[in-house]
Amino acid sequence: MESTEVKKSEEGWFEFYGSFTELFEFFCDNTTIHGTIRLNCSRRNKMKTGFWVVLFFCSFGMMYWQFGDAVNQYWAYPVKIAIQIQSKKNIFPAVTVCNLNPYRFGQVNEYLNQLDHLAEETLSTMYGYNGSLHLFKEREIIDLEDIMNNMTITDNGTFRLDKSICLMKITTEDGTQNTTRSRQKVGFKLCDSSGKDCYNRSFWSGVDALHEWYKFHFMNIMSEIPLVLQIPDRLVKKFILTCDFNGFICDSNYSYFHHPTYGSCITLHGNMNDSKLWTAIHPGKMYGLSLILKTDQNDNMPILSSAAGAKVMIHSPDQSPLAEHEGFDIWPGTETSISIKQDQVNRLGAPYSECTFDGSDLGFQLLYNSSYTQQTCLQSCFQFKMIEKCGCGYYFYPLPPGTEYCDYNKHTGWGYCFYRLYKNLLDHTHDCFKKCPKQCSETMYQLSAGTAKWPTSVSKDWVTGVLSNRTGYNRTSNRNDIARLNVYFQELNFRSFDETPAINIFNLLSTMGSQWSFWFGSSVLSVAELAELVFDVAAMLIIIGYSRYRKKKEETQNVNVYVIPTDGTSNLDERTLTNNYNAPNYRDCKIDSK
């Protein structure tokens, strides 16, 4: 038997290619990426090789450019709106009505009389109108002690009406069509505490100017009176004559308060624990809220409140009514029907949108005892800015603890400071808009209103007769002293606007995979092949670098060493130098000693 030695080569755990050329040729011949094999097949034709190299890298660059665009779109966190129509029982919204008849409080009535006389003189001086017999007759005066327990205000006589802040005509330059002409506005001037810088609060309408001027003095007078006063039930019954919901008499779960401009206000939000009473089970007027209001026109402050009727606000039951910014007026002697369509908006939180769920991340405390809304946030933020910049609070917004409302006897120049800040708020340039995002979950109501004269001349007798038997209403009163209000759902279907991510991680990976397949016709395994190629190149670079480093180190250590033998006489005429590295034997050389 012939014995031969067979050399067996076993594959090791770690083996690398002999050169980079071998590495790249193996990759191009065996990878699943389209087009790379053409780099090897055409290597004998330099023109084709160059063409395929350029085409390969152009495709590679375009793919990664689109990768970057897809990633940028993902990091922009776009959203899309999904609209759903839902049909179920709806919680009835809260309805707030105000009688537009603010009280004159006995604690500040003397100063209000002074303001009325100043307004009378202003009307007479500027417009030649004498309204003393029509505007300023005796009105009902309310004492705080009669409507609130332990509410006493002591007048120490320190307040003085600032008559220097008077209404006047202000000349302004109106530049139109390359011409400049003078026009007159009506307003009043407010200066800072030093009196050097002033601000003109002016209007084109004299009625608006008189109202704003009166309101400014009114805020200073009322600075010692709390903004929102809880009023007793006996005063509310004078305003709401009847209340029916779903065909039943409303329960007594109301909220009463008095607003210094809009008078007695009642919020009807129902009993939230009784789902049957305040849940709309059917659309239409018969299954909504029906009120008969007493809308007499005996205004206590006719300049401050020049409208007759009632102010109506429709809002979520857990939100505060903002009479300064919401609602609309209804006429006396009419029946107003308001149909409601409900929309629910659900926004995504960070990072998709700047919204908040409860306002706990604002950095300051809301001054309203209700759920978060952007408007309550803006007013709370503005009040804190007022206190910071002007040293006092704006009267028509709630007051933080430990602070006081503005009074030009105590805080000189606060009006100048306020109108400067308020102008930025109206122009949406105030920094509070950056601090107050929208709410992530918001219930919105679309309102449609219609009016008709009520009661008619032929039905007045029996309508007032029924009201007289039920509520004690004086049937001989004028028809314009009452109004009817109907609030109901037009349909129980409501739209839900839900934000969803327009691009999620799965869409991103799908887009990148589609682009990879489009430009290279490959898959995820091809990505692994590229990663393997990068790893092999990096490993070979490390190995080559390390081998060169060792070779250089060995060359540094392989130097010639010369040895001088010490055996022999001490008096040597010559010395033997031996190269101990290159030869096994010593090789002597003579060195002359001089």
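General remarks:
- Segment 196-211: number of residues that are polar (S, T, N, Q) and under 17 Å from W414 (Cβ atoms): 1
- Exactly one residue among K285, K311 is in contact (Cβ under 8 Å) with a residue 60 or more places away in the chain and open to solvent by 60 Å² or more (accessible area, probe 1.4 Å), and that residue is K285.
- Condition broken by T456, with the remaining ones in (1) over 42 Å from the mean Cα position of the chain (by Cα); (2) in a strand (DSSP E or B) satisfied: (2)
- Matching residues, segment 27-52, being within 15 Å of V534 (Cα to Cα), part of a helix (DSSP H, G or I) and either touching a residue at least 24 places away in the same chain (Cβ under 8 Å) or more than 59 Å from the chain's Cα centre (by Cα) (or both): F27
- Residue list for segment 471-497, restricted to those being at pLDDT 80 or above, farther than 30 Å from R347 by Cα and open to solvent by less than 40 Å² (accessible area, probe 1.4 Å): D481, I482, A483, L485, N486
- Close pairs from segment 341-365: first over 29 Å from S448 (Cβ atoms) and part of a loop (DSSP other than H, G, I, E, B), partner open to solvent by less than 50 Å² (accessible area, probe 1.4 Å) and among the aliphatic types (A, V, I, L, M), Cβ under 7 Å, at least 6 apart: G359/L366
- Selection count where residues are out of contact with any Leu (no Cβ under 9 Å at 6 or more places or on another chain), surrounded by fewer than 17 Cβ atoms within 10 Å (Cβ to Cβ) and under 22 Å from M313 (Cβ atoms), scope segment 327-357: 2
- Among residues of segment 155-188 being in contact with a Phe, Trp or Tyr (Cβ under 7 Å, 6 or more places away or on another chain) and of a type outside the set (A, V, I, L, M), the one that is modelled with the lowest pLDDT is F159.
- Search result, residues across segment 212-229 that are over 18 Å from K410 (Cα atoms), part of a helix (DSSP H, G or I) and touching a strand residue (DSSP E or B) at 6+ places or on another chain (Cβ under 9 Å): E212, W213
- From the options Q379, Q375, Q446, residue that is of a type outside the set (A, V, I, L, M), in a helix (DSSP H, G or I), open to solvent by 10 Å² or more (accessible area, probe 1.4 Å) and touching a residue at least 24 places away in the same chain (Cβ under 8 Å): Q375
- Candidates are the residues of segment 452-470 that are surrounded by fewer than 14 Cβ atoms within 10 Å (Cβ to Cβ) and closer than 23 Å to V312 by Cβ; the one that is modelled with the lowest pLDDT is R470.
The values are calculated or read from the model by the stated rules, or taken from the named source; none is laboratory data. Remember, predicted model here, so these are calculated numbers, not experimental data. Here Cβ is always computed from backbone atoms with ideal geometry, including for glycine, and neighbour counts include all displayed protein chains. For accessibility, only protein heavy atoms count, side chains too; no ligands or nucleic acids. Shrake-Rupley method; radii C 1.70, N 1.55, O 1.52, S 1.80 Å.
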